[in-house]
Amino acid sequence: GLLIHDEESEYSMELIIGIEQGCKEADAQLFIFTVGEFNCSWSKNEYQRRAVTFFINQNNIDVLLCASAIQMNNISTEDFISYLNYFKPLPVISIGVEIPDIPSVVVDCTKALKNLVNHLIDKHHCKKIGVLGVSISSKDAEDRNRVIFSTLKERGYAHDDSVVIYGQFTYSCVLNNIKKYVEEHKTFDFDGIVSLNDDMAFALFDYCNDNGIKIPEDLCLCGFDDIPRCSFTQPSLTSVNQQIAEQGRRSVEIALDLLTGKKVPPKTYIEAKVKYRQSCGCIEAGSNIHTITDTGETAYYSDFQKMSAVLDWHRKRIQLSNITDFQTSHLEYASYRILKETLNDDCRSFNCSAMSVCLYEPPIETESFVHFAVPENVNLFVGYDDKIGFDTKNISEPVYFNPHKYILPPEYMADTTESTTVFALYQRNVQYGYVVWRTGDFDPCMYRIISKTFSCFFGSAFINRREEIQRQQLEENNMLLAKFSRTDELTQLLNRRGFMNIAQQSVNIAMGIRQSGMVVYGDMDGLKKINDTYGHEAGDRAIKAEAEILTKAFRCTDIIGRLGGDEFAVVALGLTEKAYKKIKDNIKKLCEEWNKTADEEFVLSISLGAAFFDENNFDLNELLKKADAAQYKEKNLKKATRK
C-alpha cells in the first residue's frame, strides 16, 4: 500500500513510477490511497479524502509505504507519528522524511544544494542570492534552508530573513509575495535565486517575463525537485533532482526485506543531484544540450524528445475533450439510474481496466476527522473488471458486502501487479462512498479531474433523488390537502367548496359538448329534531347514512356533495326526468330499508328537488336555487300529508 497526498503532482507521479517499477520486479500488487494533506489551507474539506485510510490494514495489504514529506508540511512530527501508529501492527516505511523507529528512505540534498550555491557564486558571479522559502512547519524546508544558509554564511553572503521571500511551496502564494517585496523595496535586487521547489521558481519565472527581467542575463534562477516542466520551459530551469523514482524503488526493496525477516537499516540515503540548465546560464539558448550534471555528464535534446512533447500535448487535448464530454453528459441532470447505466462504459473510454463504486446507504455527514469509520455494509453500486470479466450490468440483484473484511469482494477484483487506486467519494462534509479503480494511460491530472467529477455526480444524484422524494411527498401532501380542503370530513363527499368548483366545471364541459343534465338539491327531513331528541352523534349517523344512500342511488359519474348541515346537492350530466324519477324512488326505498334494519329510534328520509340545465341555462348558483325551491315544495307537501 502507498499512502500519498495525490497522484497528479510531478512529485507523486515520479514516486509512483519508482514504486511501480519495484512492485513489478517483485511481482507485488500496489494499492494507492490518495488522502490529501493535513490541515490544508485551501480546502476545508480536504480531510474527507482521508476516509479511505480505513482500508489500510492487514486484511488488504502487507506493508505500507508512506509519502511522508508532503503529509508533514502542516503537522508536527509527534502528531504524524501518532497518526502512523494507528496502522499498527502493519509494517510502515517512510519516504522523504526520517521518522524515529520507522525505516526511512530519505534524500540527502546537502552536497547538491551546497554545490548549487557555490556554483552561482563561483561560475556566475552572483552578488546577492535570495531564497524562495516557506514559513510553514516542514522538515524538508528546514533541511534545505540549513544547507543554503550555512553555505551563504561560509561565503560571506547575507543569510537571514532579509533574503527570503516566502511562498508556502505554492505558485500563487509566492507570486503575491514577490510583488509585495518589489512594492516594499522598489526593485527586485537579487541576481541569484534558489527556490525550495520548482513551482515557486516558475512563479518567479513568470513574474520576470512579465516585468522585463531577463533570465539568466539579469537573474540566475534555480529550483528544487526537477519536475518534467524544468526541461521544456524557455529557458529550461536548473534544479536539484531528488532521485524521487529511485526513492520509491528502494522503498519497495526495503519493504520486501522487512516482510521476509531481513534486517533493514533505520535510514537509507539517496543522494540528490543538480541538473544545470539554461536558467543559471550554463547552457546557451538554442543549444542541443539538455542537461549538465555535477559530475560533468551531458544529455542532449533529441528530435524524438521534441516530437514526444508535441504529441503528448495533442494526446492531453483529446483526453480533456473526452472528460468534458463526460461531464456535460451528466450536468443537465445527474441520477443514480443514468450513472448505473453509463458509468462503466464511460470509465472504459478513459482506459480504466477496472472500476467499482461502493456507496454508503445513507451517505454520512462528517465533521473534521483523522480516522473515519466505514459502515459495515456498503453497496457495490456499479463496477467492472475486464481482467476477470466482471460487470455489474450482468448482475440482476444488488451487491452488498462488509468492507471491514476487504476493499472489494475477491470475486469482483483481479489479482494483478497493476496498481489499484482507492479514493473517497465526497462533497463538502458528506461521505458518499469510495471508488476502487485501475487507471490507464491518461495523464494523472485527467484522472484527478474524473475522480472529482465522480464526487460531483454522486453528490448531485443523491441531492436530486432526495429532492425528487421530497417533491413526491409534497405532491402527495398537496393532494391530501386539496382533498381535505374540498372533502366533507363526516361523509367523505365533496364539501360546498369542492362541489361548487367541480360541479361548475362539469356543467361547463357539458355545455361545450351541448349535453344537458340535472341539478338535484336534497334536504334531510327532521334532522334538527333528531339532534334535539337523540343528540348530535345520532344526527351525524343520520347524515352519514343519507350520504351512503345518495351515493348508492346516483350513478358513479354523478357529482355529489354535502353543502352543509342537512343539505346535499348532485350534478348529473345527461340525466333525464324519467331516470331522475327512478333514482328518487330508489332513494325512498333505500331509506325505508335502512329504517327497518338500522338499530336507531329516528326515521331517515330526505326531500329532493331538481332543475334541468342546457346551453341557455347553466349557471350553477341559479340552478341550485331552482332545485332548492322544488325541494322546498316537496318538503311542504310531505308536512301537509302528515297533517
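Numbers for the structure displayed
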item	result
Matching entry among Q431, Q427, Q472 (being surrounded by fewer than 20 Cβ atoms within 10 Å (Cβ to Cβ) and in contact with a helix residue (DSSP H, G or I) (Cβ under 7 Å, 6 or more places away or on another chain))	Q427
Residue within the stretch 258-275 that is touching a Gly at 6+ places or on another chain (Cβ under 8 Å) and either assigned by TED's automatic domain parsing to the domain that holds T298 or among the acidic types (D, E) (or both) present	no
Odd one out for E615 among (1) touching a strand residue (DSSP E or B) at 6+ places or on another chain (Cβ under 7 Å); (2) under 15 Å from G517 (Cβ atoms)	(1)
Count of residues meeting criterion [buried (at least 18 other Cβ atoms within 10 Å of the Cβ) and of a type in the set (S, T, N, Q)] in the stretch 606-643	2
Filter result for the condition that a residue is surrounded by 20 or more Cβ atoms within 10 Å (Cβ to Cβ), farther than 28 Å from Y269 by Cα, touching a residue at least 60 places away in the same chain (Cβ under 8 Å) and within 37 Å of the chain's Cα centre (by Cα), over F169, F190, F205	F205
Criterion violated by W42 - all others in (1) modelled with pLDDT under 90; (2) in contact with a strand residue (DSSP E or B) (Cβ under 6 Å, 6 or more places away or on another chain) satisfied	(2)
Unique residue being modelled with pLDDT of 90 or more and over 30 Å from H536 (Cβ atoms) when the list is Y432, Y447	Y432
Selection within the stretch 26-78 - touching a Phe, Trp or Tyr at 6+ places or on another chain (Cβ under 8 Å), among the hydroxyl-bearing types (S, T, Y) and over 22 Å from P91 (Cβ atoms)	Y47
Failed item in (1) in the same structural domain as Y47 (by TED's automatic domain parsing); (2) part of a helix (DSSP H, G or I), with Q470 passing the rest	(1)
Where N531 falls short, out of the listed (1) under 24 Å from K633 (Cα atoms); (2) crowded, with 20+ Cβ neighbours inside 10 Å	(2)
The stretch 208-252: number of residues that are more than 25 Å from K24 (Cα to Cα), of a type in the set (A, V, I, L, M), surrounded by 24 or more Cβ atoms within 10 Å (Cβ to Cβ) and touching a residue at least 60 places away in the same chain (Cβ under 8 Å)	1
Search result, residues across the stretch 203-237 that are closer than 21 Å to V107 by Cβ and not small (G, A, S)	C222, F224, D225, D226, I227, P228, R229, C230, L237
Answer from E593, E567, E600, E577 - the residue that is charged (D, E, K, R) and more than 20 Å from K638 (Cβ to Cβ)	E577
Single residue of the stretch 400-431 satisfying the filter (of a type in the set (V, I, T) and under 25 Å from Q29 (Cα atoms)) that is nearest to the chain's Cα centre (by Cα)	V422
Filter result for I292 (farther than 30 Å from C173 by Cβ, part of a strand (DSSP E or B) and in contact with a strand residue (DSSP E or B) (Cβ under 7 Å, 6 or more places away or on another chain))	yes
Among (1) touching a residue at least 12 places away in the same chain (Cβ under 8 Å); (2) surrounded by 12 or more Cβ atoms within 10 Å (Cβ to Cβ); (3) among the acidic types (D, E) - the single one E341 does not satisfy	(1)
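The values are calculated or read from the model by the stated rules, or taken from the named source; none is laboratory data. All values derive from a computational prediction rather than experimental measurement. Counting neighbours? That spans all protein chains shown, and the Cβs are built from the backbone with ideal geometry, glycine included.
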